[in-house]
Amino acid sequence: MRYDLLIPSQLMGAMTPDLLLMGGAMVMMLVAAWRTESDDHQRTVGWGSLVVLAATLGAVLWFAFGDATAGQGVIAVDKFRWAADVIFLLAAMGTVALGMDHNTRDGITHAESHVLVLFATSGMMIMAAARDLMILFLGLEMMSIAVYVLAGMNRRSERSAEGALKYFLLGAFATGFLLYGIALVYGATGSTNTTEIGTRIMGYQLHHTAMLLVGVGLLLVGFGFKVAAVPFHMWSPDVYEGAPTPITAFMASAVKAAAFAGFFRVWIDAFSVLDFAWFAPVWWLASITMLVGNVVALAQRNIKRMLAYSSIAHSGYLLVAIETGTHLGAAAFLFYLIAYTLATFGAFAIVATLTRVNEQGLDIADYDGLWTVRPWLATAMAVCMLALLGFPIFGGVGFFAKWYLLQAALSAEHMLIPLAVLLVLTSVVSAGYYLGVVRAMFMKPRAEGAPEIAPTGKMTRLVLGITIAAILGLGVFPGRLARWTRQSVPVPPAAAAATATGQTASR
Amino acid sequence: MLAESLALSAALFAIGVVGVLTRRNAIIVFMCVELMLNAVNLSFVALSKLYGATGQVFVIFVMTVAAAEAAVGLAIIIAIFRHKQTVNLQNINLLRG
């Protein structure tokens, strides 16, 4: 079916999954407010949220396996959108499930914690769909505002409030840059539609307009903040440490994936014709991010901070994929995003399980000898660490993610060879901290008088089982996923139009 | 007029950025962020004189979002004040590493 996005009813049809999720979120909001706060009610709302997310996932999959397309308009109807939506929805379902157990244990009875995840997820879906900077901005803010609240969800915790404040101030600051970038791009091209911007830059030869280039620079700064690329990463370790751990899992997986999806689409749609201008800045951003993220992670003693720096480092790897600017690079980007989301989510889920009440027991030393008391959790953590490292076989899909990424980087331009070398070298550095956790769990003795570990909740066990099975299963059969990511690559319409009229893009 | 408006907007934006980077009171930092957003609004309005209504529509959205952001932001600042009895960012330093 081909949607004509200028007709309101067809536009609504093309947004069915998003509208379903938003409607469901509003219903759940009412349900949450219906009764007084209690643990039972929190769980009820959690189950309701899972049902809403599952229904949305069903709608997304129906679109993904259909052949819906759309003409020009404010949103995209393509495979990339559905692929990104699947990532967000699965991560959101995991977060709600983990949150149910975590809230019970920490005595958090706000049923709204699950509803806010739904609102944040609908913002992400809008971001992944946006083909207009206005829509992108709205999606980004719908996501961010909900996540600011989620970060401060544990009202009794001083750290949670501090993390939320830092996240809020720096997030709003970054939004300012993003918005000014949008304003300048609008000023230079006269449009906020990304496709239109791309065509106008080509058509009117705006490549060297100062206003446009400054605008693109500010957009890069704004997105750099959102994906936590060095030097705009300062907030992320503090926020990840302060937030309740299931929410940290959500931020490190879905929120980051959404920021990258929006970033990637804008860059492909609107600015692929400006690659001469952003090539060098993104090159430096990627290399510094990989270097600083991995080296600073080595020095961390708190596991949440260590994983935060690890996720910064992974932003660097993903920036390498954006830098390639090729079809292969885009496929590798999507594949890496899926692998990274799975592994990071799994790792934070295990941290959430092992954290004692009020965020105690987060030192890596607390993981010493975990194998002797909780062999399954220790094994699951080892799989996640090896997946993040990109270890063959035991790391499952993580290995193929790095492999495809390297392949894409090496088959791109010659300037990417140093970047590929740096990627490999920093991955070797990252073994220092990933394997450090594995060593602590399997080879060190359990400390005398180490506190008893609380039993793992049912939902947590389910989430962990699925995540680990996915990491290992996709590691055995990566071909299907790789094929799917190759088909789900966003096609730059400006470049497509340029080849149609016989011109070639600047690359 | 357009050039002057854009220059004023850039100046306001720069004042906002400098304020965020130098001030240490959470409320004032937040006010500076709002200044940045409103500087951008000025740009949009000025540019919409050139390109039509899109810029003005954008301004409405930005104001709505800024209001929502203010509601959440002030709530967070109150939450931290309950714990610390201060909103000075220099005293908010539990998380570091």
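Nothing in this text is a laboratory measurement; each read-out follows from the coordinates by a stated rule. Bear in mind that the values here come from a model prediction, so they are computed numbers and not experimental data. Here the Cβ positions follow ideal geometry from the backbone for every residue, glycine too, while neighbour counts run over all protein chains shown.
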When A:Glu241, B:Glu4, A:Glu196 are arranged by how many other beta-carbons sit within 10 Å of their Cβ, fewest first, they go B:Glu4, A:Glu196, A:Glu241
Per-residue HN-Hα couplings for the range A:342-351, Karplus 6.51 cos²θ - 1.76 cosθ + 1.60 at θ = phi - 60°, whole Hz, x for Gly and Pro?
4, 5, 5, 4, x, 4, 5, 5, 5, 4
Per residue of A:211-218, count partner chain C-beta atoms within 10 Å of its C-beta, then hand back the mean as an integer.
1
One finds, for A:Arg439 and A:Gln72 with R0 = 51 angstrom and r their Cβ-Cβ distance, a FRET efficiency to the nearest 0.05 of 0.40
Using θ = phi - 60° and Karplus 6.51 cos²θ - 1.76 cosθ + 1.60, couplings along the range A:368-384 (whole Hz; Gly, Pro as x):
4, x, 4, 3, 6, 9, 9, x, 5, 5, 4, 5, 4, 4, 4, 4, 4
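With all pairs of different alpha carbon atoms counted, what Kirkwood hydrodynamic radius in Å does the protein assembly as shown show? Intermediate values should be presented prior to the final figure.
Numbers: mean 1/r = 0.0413 Å⁻¹.
The answer is 24.2 Å.
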Table column - 3J(HN,Hα) (Hz), the range B:23-31, Karplus curve with 6.51, -1.76, 1.60, x for Gly and Pro
6, 10, 9, 4, 5, 5, 4, 5, 4
Tell me the angle of helix A:112-129 to the major Cα principal axis of chain A, expressed in degrees between 0 and 90 and rounded to the nearest ten.
30
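How high is the relative contact order of the range A:2-493, given as a whole-number percent (alpha carbon pairs under 8 Å, six or more residues apart)?
Details: 842 pairs, mean separation 73.1, N = 492.
Averaging sequence separation for qualifying contacts and normalising by length gives 15 percent for the range A:2-493.
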Mean separation of Cα contacts under 8 Å, 6 or more apart, over the residue count of chain B: relative contact order %:
28
May I ask for the angle, rounded to the nearest 10°, between helix A:16-34 and the longest principal axis of chain A, with both axes built from Cα atoms and the value confined to 0 to 90°?
40
Could you pull out every one of the lysines with an alpha carbon less than 22 Å from that of A:Lys444, ignoring same-chain neighbours closer than 8 positions?
A:Lys304
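Relative contact order of the range A:187-242, please, whole-number percent, based on alpha carbon pairs below 8 angstrom and at least 6 residues apart.
Working: 25 pairs, mean separation 12.3, N = 56.
Normalised by residue count, the contact order of the range A:187-242 is 22 percent.
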What is the packing order of peptides B:57-67, A:438-448, taking the mean over residues of other C-beta atoms within 10 Å and listing the highest first?
B:57-67, A:438-448
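For peptide B:32-41, compute the average count of partner chain beta-carbon atoms within 10 Å of each residue's beta-carbon. Could you put the intermediate results ahead of the total?
Working: counts 4, 9, 2, 1, 7, 5, 1, 4, 11, 2.
Per residue, the average neighbour count from other chains is 5.
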Hey, what angle do you get for helix A:39-65 against the long axis of chain A, alpha-carbon based, 0 to 90 degrees rounded to 10?
30
For A:Lys166, counting only aspartates and glutamates whose alpha-carbon sits under 20 Å away and dropping same-chain residues fewer than eight positions off, the answer is A:Glu141, A:Glu158, A:Asp238, A:Glu241, A:Glu359, B:Glu34, B:Glu69
Here the net charge surrounding A:Val149, from other residues whose Cβ is less than 15 Å away from its Cβ (Lys, Arg +1; Asp, Glu -1), is -2
Mind checking A:240-249 for the average number of partner chain beta-carbons within 10 Å of each residue's beta-carbon?
1
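What is the range A:271-340 by shape, rounded, prolate or oblate, if you read a ≥ b ≥ c off the alpha carbon gyration tensor as root eigenvalues and call it rounded for a/c under 1.5, prolate for a/b larger than b/c, and oblate otherwise? All intermediate terms of the calculation are to be shown ahead of the outcome.
Values: a/c = 3.95, a/b = 1.76, b/c = 2.24.
In terms of gyration-tensor shape, oblate.
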Whole angstrom only: what separates the Cα centroid of the range A:24-62 from the Cα centroid of the range A:294-340?
32
Taking only Cα atoms and a 10 Å spring cutoff, compute GNM fluctuations for chain B and point out the largest among B:Ile15, B:Ile78, B:Ile27.
B:Ile78
Evaluate the distance, in nm, between pseudo-label points positioned 7 Å from the Cα of B:Leu94 and of A:Val428 along their respective Cα→Cβ axes.
4.1
